[in-house]
Amino acid sequence: MTTAQQPPLSFPAHFLLGSATAAYQIEGAADEDGRGPSIWDTFSHTPGKTWNGDTGDIAADHYHRLEADLDLMASLGLRAYRFSIAWPRIQPTGRGPANPKGLDFYSRLVEGLLARDIAPVATLYHWDLPQALEDEGGWTNRATAHAFADYARIVGEALGDRVAIWTTLNEPWCSAYLGYGSGAHAPGRTDGAAALTAVHHLNLAHGLAVEQLRAVTTNDPQYSITLNFHVLRGKGEGAEEAVRRIDALANRAFTEPLLRGRYPQDLIEDTAGITDWAFVEDGDLARIHQPLDLLGVNYYATTTVGLWDGGAPRQNNDGHKDVGGSPWPGSPQVEFHATDGPHTAMGWNIDPDGLEELLLDLHAQFPGQPLVITENGAAFEDQVTVGPDGSHAVHDPERVDYIHRHLAAAQRALAAGVDLRGYFVWSLMDNFEWGYGYSKRFGIVHVDYETQRRTLKDSALWYRDVVREHSGAVDASLTL
Ligand code: FCB
């Protein structure tokens with residue numbers, strides 16, 4: 001279906017239409033103003049870990065272009081901006097006193113957003129763990145959860161009068177299973193037991209951080225966490241069992257402790273050969289189980305699973321970079337089938353119905369839980385065209401279509417009664433796409449990494465019109 005055939009969009013008056021980025025993916029300035037190294041600096045500087053050996057050293061140079069980038073956001077009329085705070089800018093070794101220059105950068109960012117009527121949505125952790133903490137075990141070390149709580153308090157004290165929405169963690173699934181299980185992400189460990197330990201310590205870190213934030217914020221903000229749900233389709237004999245296993249590892253390992261205060265019994269049984277879950281201590285689940293004002297939903301594609309018959313080579317099209325290790329501890333019998341197209345440049349299938357299903361499913365499982373789409377978007381092979389007058393343009397009709405169809409899916413979910421509060425397109429600008437380096441462009445704004453020139457893609461112009469025409473004005477403080 002082309003954009004022209006899409007139904008008209010319209011959203012409730014206070015629906016937040018925004019865009020998202022993450023610190024390591026855009027900021028650059030890796031060595032500046034006292035920032036310490038993170039696991040992503042170490043990982044990206046290790047030969048063979050990222051496409052082309054790309055690193056976030058310079059990225060989109062956002063750290064030096066803050067004001068111009070804020071003006072860019074304002075020119076798009078964004079109602080909200082989701083960014084992340086780099087822990088190693090605030091505490092270079094993950095512990096100890098705050099680095100004032102690090103706090104100052106984010107304070108200027110928040111001020112700049114509010115001055116432009118853009119609601120600041122801050123994520124405390126989008127994967128850039130201070131390397132010094134990894135050296136002590138990283139997320140397999142319970143002490144990291146407590147260090148995270150201290151960091152949350154420092155940031156809360158500095159920005160807790162102005163940030164509208166706090167998100168503790170972005171996609172703890174990736175931090176735990178890609179970081180410690182498959183090895184595709186920093187720190188690149190390949191140990192299933194470590195991955196499951198990390199799952200729990202990340203959940204605990206969330207709970208402890210919310211407690212700290214609540215204690216110090218003064219503007220009555222909203223609290224959230226962002227999860228990357230795996231929307232599963234089953235295929236072949238035993239599909240139900242494959243879906244159950246992956247749903248437990250990928251989805252319920254987070255939603256059950258966060259929203260119900262328990263780990264799923266089937267997850268504990270499926271992984272019994274790997275860990276006895278002794279890292280879950282008395283009182284942990286109560287701390288993890290905090291009321292959430294918003295549950296953040298990241299959605300890009302669906303995943304097709306089945307049970308492997310042990311014959312033909314096991315398929316592992318799980319959408320994540322295959323570097324040898326497994327992000328699915330305890331479930332080697334599950335295989336991941338190729339999805340039906342069309343696909344984006346990531347090889348991810350385009351399936352907006354999956355988003356609608358996910359929202360309806362979460363609404364059914366957790367009635368009354370407000371939801372927000374914190375990421376959705378697509379990478380395509382963008383080309384810059386230069387007009388006779390020297391102007392630059394990027395014609396990206398596939399991305400316009402992708403975003404339009406997913407917004408329409410969100411609208412259908414709203415019409416069906418889902419309490420959905422907003423949508424953030426990933427991403428505001430092209431950036432460092434983790435293991436894929438700069439080879440994948442998700443931005444609605446194109447970045448020329450040689451010159452750092454920003455060019456609004458057609459999708460940015462289209463999104464600007466959507467925001468302007470189909471959503472009401474939002475008070476950026478979200479509190480009045
Ligand atoms: C998500 C990440 C985000 C970006 C998109 C494409 O998993 O949260 O940083 O890489 O995928």
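The values are calculated or read from the model by the stated rules, or taken from the named source; none is laboratory data. Not measured: the values here are computed from a predicted model. All Cβ positions, even for glycine, are placed from backbone atoms using ideal geometry, and neighbour counts span all protein chains on display.
General remarks:
- First in region 335-346 and free of Cβ contacts under 8 Å to residues at least 24 places away in the same chain and under 17 Å from TRP426 (Cα atoms), second anywhere and among the aromatic types (Phe, Trp, Tyr) and away from the ligand (no atom under 14 Å from the Cβ), Cβ under 7 Å, 6 or more apart: none
- Among the criteria (1) part of a loop (DSSP other than H, G, I, E, B); (2) touching a helix residue (DSSP H, G or I) at 6+ places or on another chain (Cβ under 6 Å), the one GLY112 does not fulfil is (1).
- Residue selection: ASN349 satisfies the criterion of being within 16 Å of TYR300 (Cα to Cα) and either within 16 Å of the ligand (Cβ to nearest atom) or aromatic (Phe, Trp, Tyr) (or both).
- Residues that are outside any helix (DSSP H, G or I) and within 11 Å of the ligand (Cβ to nearest atom) within region 168-185 comprise LEU169, ASN170, GLU171, HIS185, listed in sequence order.
- If you check THR217, THR168 for being β-branched (Val, Ile, Thr) and out of contact with any Leu (no Cβ under 6 Å at 6 or more places or on another chain), only one passes: THR217.
- Pairs are defined by a Cβ separation below 6 Å, a sequence spacing of at least 6 or placement on different chains, a first member in region 406-431 that is assigned to a loop (DSSP other than H, G, I, E, B), and a second member that is at pLDDT below 95; no pair meets this definition.
- Selected residue (criterion: nearest to the ligand (Cβ to nearest atom)) from residues of region 209-241 that are of a type in the set (A, V, I, L, M) and farther than 23 Å from ILE350 by Cβ: ILE225
- Region 434-462, residues that are part of a strand (DSSP E or B) and either within 16 Å of the ligand (Cβ to nearest atom) or buried (at least 22 other Cβ atoms within 10 Å of the Cβ) (or both): VAL445, HIS446, VAL447, LYS457
- Within region 349-373, restricting attention to residues that are of a type in the set (S, T, N, Q) and not in a strand (DSSP E or B), the residue that is surrounded by the most Cβ atoms within 10 Å (Cβ to Cβ) is GLN369.
- Within region 106-144, the residues that satisfy the criterion of being out of contact with any strand residue (DSSP E or B) (no Cβ under 9 Å at 6 or more places or on another chain) and buried (at least 22 other Cβ atoms within 10 Å of the Cβ) are LEU133, GLY138, TRP139, THR140, THR144.
- Taken together, GLY56, GLY77, GLY34, GLY102 contain a single residue that is in contact with a Lys or Arg (Cβ under 6 Å, 6 or more places away or on another chain), in contact (Cβ under 8 Å) with a residue 60 or more places away in the chain and surrounded by 24 or more Cβ atoms within 10 Å (Cβ to Cβ), which is GLY102.
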